[in-house]
Amino acid sequence: MQLRHLKYFVTLGQEAHFGRAADVCNVTQSTLSAAIRQLEVEIGAPLIERDKRFKGFTAEGRVLLDWAKRVVSERDALDQQIGLMRGELAGELRIGVIPTTLPTIGLFTTPLSRVHPKVTLKILSHTSNEIQRALDEFRLDVGVTYLDNEPMHGVDMHPLYDENYILLTPADGPFKGRQDVTWKEAAYTPLCLLTPDMQNRRIINAIFQSVGCTPNAHIETNSVMTLCSHIKTGVWSSVLPHNFLWAFGVPPGMSALPLVSPEITHSIGIVVRRQDPHPPLVEAFLSAVRESNAAQQVKSGILLKA
């Protein structure tokens, strides 16, 4: 059973399409199909529900897919370990990041690149649920997400900083001259917010609910860039984590006011698959973050001065 055939099979599971899987593997579709037929000969059973299009895996195919994911992941870790022994750590680290941490993710990834310049980073925006699934399926190596709101399973957690919340609102609006705003007051302001499938939005909804209110969401989006685009017009208000100010600052004509009554924080951190030892790339990332001052920059409130 050849390793490259297992890689083709895992990629087919990820793409759920023969043509796309072949493109990702940089082979022809006939080459990919021949490899899967060879796996079927070795297993002694059909692995694919065959039709004109990919329909899914047979029961035997699903068992092989789970095993193949672990084999491919372990082989990647072996390559990393050999490289580390030669003093040259290399490879690709795949990181899933919830949208609300994207504005500051560079603070946590850059230290790794400084120490190990031959490591490449693939950083993808995902919901917290998608991060859990992708870690389970070996499609991600690391997640950056909430640690204390919705439980995760099968992961080791490494806290980074506590997220707190601001109302970004027009400076000449109803809160002109204020030093802070209550959640109940913010609920009646026309808001631009992330969509309810995002854990940040579920957190915000729960806080508003705790004070007997529902947010007045006029615009919902799953895109951080779309959110920032509307805020920058100076018309809309939004409830945001304070770390947004590090990347975007306070737009002209806007005010950033802490949200109080209640004052809520949630823990943001790194999650990795629970295994001992961690793959060298994962351990190098954790070590680089620990040795940097990135988390302290957020905790100390430097971001609020940006």
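Nothing in this text is a laboratory measurement; each read-out follows from the coordinates by a stated rule. Note that the coordinates shown come from a computational prediction; the quantities given were computed from them, not determined experimentally. So basically every Cβ, Gly included, is an ideal-geometry build from the backbone, and we count neighbours across all protein chains shown.
For the range 165-260, rounded, prolate or oblate, judged on the Cα gyration tensor with a ≥ b ≥ c (square roots of eigenvalues), a/c < 1.5 rounded, else prolate if a/b > b/c? Mind dumping the intermediate values first?
Values: a/c = 1.56, a/b = 1.10, b/c = 1.42.
Here the range 165-260 falls in the oblate category.
So for Val271, Val142, fewest C-beta neighbours within 10 Å to most, what's the order?
Details: Val271 23, Val142 27.
Neighbour counts put them in this order, fewest first: Val271, Val142.
Rank the residues Ile207, Ile270 as a footprinting-exposure proxy: fewest other Cβ atoms within 10 Å of their Cβ go first.
On the way: Ile207 19, Ile270 22.
The most exposed by this proxy come first: Ile207, Ile270.
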What percent antiparallel are the DSSP beta bridges of the chain, to the nearest 5? 55
Amide H contacts of Ser255 (H built 1.01 Å from N, under 5 Å, at least 5 apart or other chain): Thr169, Ala171
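Counting Lys +1, Arg +1, Asp -1, Glu -1, what net charge surrounds Ser261 among other residues with beta carbon under 11 Å of its beta carbon? Don't skip to the end; give the middle numbers.
On the way: positive: Lys184; negative: Asp180, Glu185, Glu263.
Result for the neighbourhood of Ser261: -2.
Restrict the search to the range 226-306; then list the GluC sites (Glu not before Pro) that DSSP places in a loop and that have at most 13 other Cβ atoms within 10 Å of their Cβ. Walk me through the intermediate numbers first.
Numbers: sites: Glu263, Glu283, Glu291; in loops: Glu263.
Listed in order of number, the matching sites are Glu263.
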What label, among [x] 0.98; [y] 1.18; [z] 1.02, belongs to Cα Rg over 2.2 N^0.38 Å computed from the structure on display? [y]
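Report the full-extension gain for the segment Ser223 to Ile82: residue separation times 0.36 nm, less the Cα-Cα distance, to one decimal in nm. Let's see the in-between values first.
Values: separation 141, 0.36 × 141 = 50.76 nm, distance 3.94 nm.
Contour length minus the Cα-Cα distance gives 46.8 nm.
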Would you mind calculating the relative contact order of the chain from Cα pairs under 8 angstrom and at least 6 residues apart, reporting the percent as a whole number? 21
Taking a ≥ b ≥ c as the square roots of the Cα gyration tensor eigenvalues, with a/c under 1.5 meaning rounded and otherwise prolate when a/b beats b/c, else oblate, which class fits the range 1-115? prolate
Gln14 versus Asp180: modelled label distance in nm, points set 7 Å from Cα along the beta carbon direction: 4.6
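Can you put Trp236, Trp183, Trp67, Trp246 in order of Cβ neighbours within 10 angstrom, beginning with the fewest? Don't jump to the answer; show the numbers that get you there.
On the way: Trp236 21, Trp183 24, Trp67 12, Trp246 18.
Ranking Trp236, Trp183, Trp67, Trp246 by Cβ neighbours within 10 Å, fewest first, gives Trp67, Trp246, Trp236, Trp183.
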Tabulate in residue order the Karplus-calculated ³J(HN,Hα) for the range 183-190, using 6.51 cos²θ - 1.76 cosθ + 1.60 with θ = phi - 60°, rounded to whole Hz; enter x for Gly and Pro. 4, 5, 5, 5, 4, 9, 8, x
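Could you give the dipole magnitude of the range 149-249 about its Cα centre, charging the beta-carbon of Lys and Arg +1 and that of Asp and Glu -1, in debye to the nearest 20?
Values: 6 positive and 9 negative charges, 68 e Å.
Dipole of the range 149-249, to the nearest 20 debye: 320 debye.
Residues with beta-carbon under 14 Å from that of Ala45, excluding Ala45: net charge, scoring Lys, Arg +1 and Asp, Glu -1? Present the calculation step by step, with values, prior to reporting the outcome.
Details: positive: Arg37, Arg50, Arg62; negative: Glu40, Glu42, Glu49, Glu60.
Neighbour charge sum, excluding Ala45 itself: -1.
If each DSSP helix of 4+ residues adds -39,500 (n - 2.57) and the sum is divided by the residues in the chain, what number results at 222 nm, nearest 500 deg cm²/dmol? Write down the numbers at each step before the final one.
Values: 12 runs with 132 residues, N = 306.
Rounded to the nearest 500, the figure is -13000 deg cm²/dmol.
Using 22 Å as the Cα-Cα cut-off, could you pick out the over-long pairs in Lys122/Lys232; Lys184/Lys232; Lys69/Lys122; Lys55/Lys122?
Values: Lys122/Lys232 28 Å; Lys184/Lys232 24 Å; Lys69/Lys122 18 Å; Lys55/Lys122 29 Å.
Where the Cα-Cα span goes over 22 Å, the pairs concerned are Lys122/Lys232; Lys184/Lys232; Lys55/Lys122.
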